[in-house]
Amino acid sequence: MLRKILMLPLKLLALPLVLICMTVTVLVKLIANLSSYVAAPLMLLLLGFCVYFIVQQTWNQVAILVVLEVLCVAVLFGAVCIETLLESVCGALTGFLHS
């Protein structure tokens, strides 16, 4: 009983953090989904140009396009990592509130 009373101020401080964390998580999910709609056609276009430059045997353009393709994949992977991290933080804070 005494533990619950001592944890009450911490839980009251954690409540706004949970709301902020959930809001940021929703925004990051929205941004990640919208950016994938932009990045996917861009990556497909880069792949098409890469095939064209392979046929033309201009290897420096192929290297540049491969680097751009890897950067696009890295950006999408980073967005998913940030989204996962925010979800785990929200889950931990929500678990603290429910304890």
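The values are calculated or read from the model by the stated rules, or taken from the named source; none is laboratory data. On a predicted model such as this, the values are computed, not experimentally measured, just so you know. Here the Cβ is made from the backbone with ideal geometry for all residues, glycine too, and neighbour counts use every protein chain on show. Just the protein is used for accessible areas: all its heavy atoms, side chains included, with ligands, DNA and RNA removed. Shrake-Rupley method; radii C 1.70, N 1.55, O 1.52, S 1.80 Å.
Exactly one residue among Thr94, Thr58 is among the β-branched types (Val, Ile, Thr), open to solvent by less than 60 Å² (accessible area, probe 1.4 Å) and touching a residue at least 12 places away in the same chain (Cβ under 8 Å), and that residue is Thr94. I'm trying to understand the selection: among the residues of region 13-53, which are open to solvent by less than 40 Å² (accessible area, probe 1.4 Å) and either closer than 16 Å to Ala74 by Cα or within 18 Å of the chain's Cα centre (by Cα) (or both)? Cys21, Thr25, Val28, Ala32, Ala39, Met43, Leu46, listed by residue number.
Do we have Cys81 as surrounded by fewer than 12 Cβ atoms within 10 Å (Cβ to Cβ) and closer than 19 Å to Leu34 by Cβ here? First the steps, then the outcome.
Values: surrounded by fewer than 12 Cβ atoms within 10 Å (Cβ to Cβ): yes; closer than 19 Å to Leu34 by Cβ: yes.
When the stated conditions are applied, Cys81 passes them.
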